[in-house]
Amino acid sequence: MLFEEVASYYQKLEAVSSRLEMIDILTELFKKAKKEEMKKLVYMTQGILSPPFEGVEIGMAEKLVEASIATATGFSKEEVEKEFKKRGDLGEAAEYLVSKTKLKRLSSKKFELSEVFDTMYKIATTSGEGSQEAKIKMLAELLAASSPLEARYIVRFSLGTLRLGVGDATILEALSKLVTGERKFKEQLENAYNICSDLGKVAEALAKEGIKGIENFKVELFSPIRPALAERLPTAEEILERMHGKCAVESKYDGLRAQVHVDKKSKRVEIFSRRLERLTPMFPEIAKAALEEIDAESAIIEGEAIAYNEVTGEFHPFQETIQRKRKHGVEEMSQELPLHLFAFDLMYLDGEGYLDKPYHERREKLEKIIKNKGTILLADRIIATSPKELEKYFEEAIEKGLEGIVAKELNSKYIAGARKFSWIKMKRSYKGELSDTVDLVILGYYLGKGVRAEFKFGGLLCGVYNEKKDVFETITKIGTGFSEEQMKEFKEVLDKIKVKSKPARVVSNIEPDFWVEPKYVVTVKADEITRSPTHTCGKEGDESGYALRFPRIVGGIRSDKSPEDATTTKEIIEMFKMQKKEKLQEES
Ligand code: ATP
C-alpha cells in the first residue's frame, strides 16, 4: 500500500477522541495492507522499527532532522528552527515547509509503505564515521519527494515521537476484528503476543496463515516472554484460603526483574527487563554466570537481579540496584555494585517450553539446573500449609530487608503477560499509609503559582491503567513534595511530550494546563484511597470513582515501566477493599 494512504489514516487516528473509533480506523487500515506488509505496518503504527528487545532504536536527534528538512525544502536551518519553535512540533513544521518548498519536486514518485519503513530502518542502523551526513541525506531524499502530510509523519517517526496514542490492546482488538469481524479473537491473539512479545510477528502470522498461524505460537529462545504478574492480598489467612490451604512462599527481592535466555552452543546470552528491553550489555556478570552456572544446553530462566552483599548478607535498596541500568561505566559499576540473580522460574529448557507445566515442576527443574553458588542463586522459598508459617516467613523476609513475599500456587502454569491470583504478593506496610505504593501514569501537568511560577510547573495530573477498556483514568493531582530539581526535570521532560488536546485513550473530567502523551510512570505513596466524584478511576455511570489522599512521589520517573505497566483500575479497587477490611480489623 502507498504510504500516502497510511498517512491519511494516521491523520484520522489523531483526530478521534474515543478508543472505539480508533479500533474501527485501525481495522480499516489493516484491511488495506498486503500480507507481506502487515508486520511493517504494525511496527510503524506502534512508532517502532522492530520489537523493543531487538534494540533497534529510532529517534534521530532534532538537529539532524532539521538539517534534513532544510536540505529537502531549500529553507535555511534557521527558518526550519523558527517554524519548529512556532508550532512546537517538528512534524507539523515539516508539513508546512514541504507545502511551501523552494525546490522543484524531483519526481512525482509515490512511496510504498515498505520503502519508507526500510529507509527509516537503514537510517536507524547506520553508524560509524560519516553516519550523520548519511542519515541527513537519506531522510532528506524521502522528504523531498513526499507530500506535506507524509512529511508530518515521516518526521515524527524519525524522531521517535509518532504519538498516535494507540496501545497494544487496541491493535490486538483491531486485528481480531480484521479476521473475525468481532473482538472475540483478541484473547487468542493476546496469548500469542504474550509468548513472543512481538505484535508485528503476530500480525504477520495472522495475515499469512489466518487463525491457524496464531494457534501455533511457541516459546522461542531469544524471543522474550511477557512476564507473569502478581495480585495482592493483605493477610496470610487470605492468601492461604485463596491457595486452598497450601502454597509456595518465596522471598520478594526488590531489584530489577530479569529474564535470561542462554544457549551454550552458540554461547549466546540475552537478558530482558520487565518491559522486555535488552539489558544484556548492562549486566555482564549475570551474562557470564548464565553460561557457567546453569546446567543446561539452553534455557530461559527468570529472576530478580539485585545488588547484594555476600559477606554481610545484606540486600541493597532498589535505588541502588537501579543505578546498574546504565549504558556507560558498566564495568566500574559492576565491580562496585555487583548483582546477583535470584532465580524464581523456568520457562524453557533444552528445546522444550515450560510455560504449561505446573509451578512445582518448573521449580524442581530449576533447582536441578542452577548450581546455586556464585552469581545465580535460587530464590529462597518454603512450602506453607498454615497462615502462621506464612506469616513467620514474611516477618523473617522483612527483617532481612526484603520487600515481602510472593506466594505461588503449586499447580498453576506460568501465566504470561497477566496479573492473576496464581501469584500473590504481600508487602510490608506502615501504619497510616497505604500498604503498597502505586505506579501512576503522568497524563498532564499544571503551571506553577507563587514560588513555583518560576519553574512553570505546579504539579501533575496522574492516572491508572484500565486494562479492560485499554484507557487511562485519572486518580489524583500531585501538587506538593517536589524538590526544585524535580520541578525542573518534570517540566523539561513533559514539555517534550505535550499534546494539544486530551489523548483519545485518556478518560478525564478535569483539564490540566497541559495534556501530555501517556508515557511516563511515577511511583506514588498515599495515605488512603477514597471515593471521588471528580476522578474517573473505576467510575461507572453516576457512581463515584476512586482517588488518592495525600499523594507524594517516591523517586523519579520509573524507566522500567511502560504506561500499560502502571497500577490498574482493578488493582485500585482491590486495594480499596483491602483497606476497608484493615480498618474494620483495627476498629474491632
Ligand atoms: P512491584 O512494584 O510490587 O514489584 P510489579 O508490578 O513490578 O510490582 P508484580 O508482578 O506485581 O510486579 O510483583 C512481582 C514483582 O516482584 C516481579 O515483577 C518481580 O520483579 C519481583 N519479584 C521479586 N522476587 C520475586 C519472586 N520470588 N517471584 C516473583 N517475582 C518476584
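For the condition in the same structural domain as Cys462 (by TED's automatic domain parsing), modelled with pLDDT under 95 and exposed (fewer than 14 other Cβ atoms within 10 Å of the Cβ), Lys583 qualifies.
Flag: Asp560 matches the condition of being farther than 20 Å from Gly479 by Cβ, modelled with pLDDT under 90 and not assigned by TED's automatic domain parsing to the domain that holds Leu256. When region 252-281 is filtered for residues that are within 16 Å of the ligand (Cβ to nearest atom) and over 20 Å from the mean Cα position of the chain (by Cα), the ones remaining, listed by number, are Lys252, Tyr253.
Are any of the residues in region 102-111 touching a strand residue (DSSP E or B) at 6+ places or on another chain (Cβ under 8 Å) and farther than 30 Å from Tyr465 by Cα? Scanning region 102-111 turns up at least one residue that is touching a strand residue (DSSP E or B) at 6+ places or on another chain (Cβ under 8 Å) and farther than 30 Å from Tyr465 by Cα.
Taken as a whole, the condition of being under 25 Å from Glu517 (Cβ atoms), basic (Lys, Arg) and outside any loop (DSSP other than H, G, I, E, B) does not apply to Lys137.
Where helices (runs of 4 or more DSSP H) fall entirely within region 323-431, those with at least 2 residues that are within 27 Å of the chain's Cα centre (by Cα) and touching a residue at least 24 places away in the same chain (Cβ under 8 Å) are at 330-336, 359-369. You will find that of Ala140, Ala145, Ala151, the residue that is over 26 Å from Glu21 (Cβ atoms) and touching a Leu at 6+ places or on another chain (Cβ under 8 Å) is Ala145 and no other.
Residues that are among the charged types (D, E, K, R) and in contact with a Phe, Trp or Tyr (Cβ under 9 Å, 6 or more places away or on another chain) were ranked within region 221-251; the one that is farthest from Asp436 (Cα to Cα) is Arg226. Restricting attention to region 71-88 and to residues that are touching a residue at least 40 places away in the same chain (Cβ under 8 Å) and closer than 20 Å to Gly160 by Cβ, the residue that is surrounded by the most Cβ atoms within 10 Å (Cβ to Cβ) turns out to be Ala72. Residues in region 213-226 that are crowded, with 24+ Cβ neighbours inside 10 Å and either within 13 Å of the ligand (Cβ to nearest atom) or of a type in the set (A, V, I, L, M, F, W, C) (or both): Ile225 only.
Let's see how each residue does on (1) part of a loop (DSSP other than H, G, I, E, B); (2) farther than 30 Å from Tyr465 by Cα; (3) in the same structural domain as Lys498 (by TED's automatic domain parsing):
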| position | (1), (2), (3) |
| --- | --- |
| Lys39 | no, no, no |
| Leu49 | yes, no, no |
| Met60 | yes, no, no |
| Ala70 | no, yes, no |
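Checking the structure you have, find out if any residue of region 12-31 is over 25 Å from the mean Cα position of the chain (by Cα), within 13 Å of Ala203 (Cβ to Cβ) and outside any loop (DSSP other than H, G, I, E, B). Scanning region 12-31, I find at least one residue that is over 25 Å from the mean Cα position of the chain (by Cα), within 13 Å of Ala203 (Cβ to Cβ) and outside any loop (DSSP other than H, G, I, E, B), so the answer is yes. Would you please name the residue that is modelled with the highest pLDDT, looking only at residues in region 370-388 that are among the basic types (Lys, Arg) and surrounded by fewer than 13 Cβ atoms within 10 Å (Cβ to Cβ)? Selected residue: Lys388. One residue is enough: does region 479-487 have a residue meeting the conditions away from the ligand (no atom under 16 Å from the Cβ), of a type in the set (A, V, I, L, M, F, W, C) and either in the same structural domain as Lys246 (by TED's automatic domain parsing) or free of Cβ contacts under 8 Å to residues at least 60 places away in the same chain (or both)? For region 479-487, residues away from the ligand (no atom under 16 Å from the Cβ), of a type in the set (A, V, I, L, M, F, W, C) and either in the same structural domain as Lys246 (by TED's automatic domain parsing) or free of Cβ contacts under 8 Å to residues at least 60 places away in the same chain (or both): present. Taking region 439-458 as the search range and keeping residues that are surrounded by fewer than 24 Cβ atoms within 10 Å (Cβ to Cβ) and assigned to a strand (DSSP E or B), which one is modelled with the highest pLDDT? Selected residue: Asp439.
With respect to the conditions (1) in a helix (DSSP H, G or I); (2) more than 25 Å from the chain's Cα centre (by Cα); (3) surrounded by 20 or more Cβ atoms within 10 Å (Cβ to Cβ), Tyr308 falls short on a single one, namely (1). Scanning region 33-52 for residues that are surrounded by 15 or more Cβ atoms within 10 Å (Cβ to Cβ) and over 18 Å from Met120 (Cα atoms) turns up just one, Ala33.
Candidates are the residues of region 512-538 that are farther than 18 Å from Asp495 by Cβ, assigned to a loop (DSSP other than H, G, I, E, B) and touching a residue at least 24 places away in the same chain (Cβ under 8 Å); the one that is farthest from the ligand (Cβ to nearest atom) is Thr534.
The values are calculated or read from the model by the stated rules, or taken from the named source; none is laboratory data. The structure displayed is predicted, hence computed values, not measured ones. When we count neighbours, we look across all protein chains shown, and the Cβ atoms used for this are built from the backbone with ideal geometry, even at glycine.
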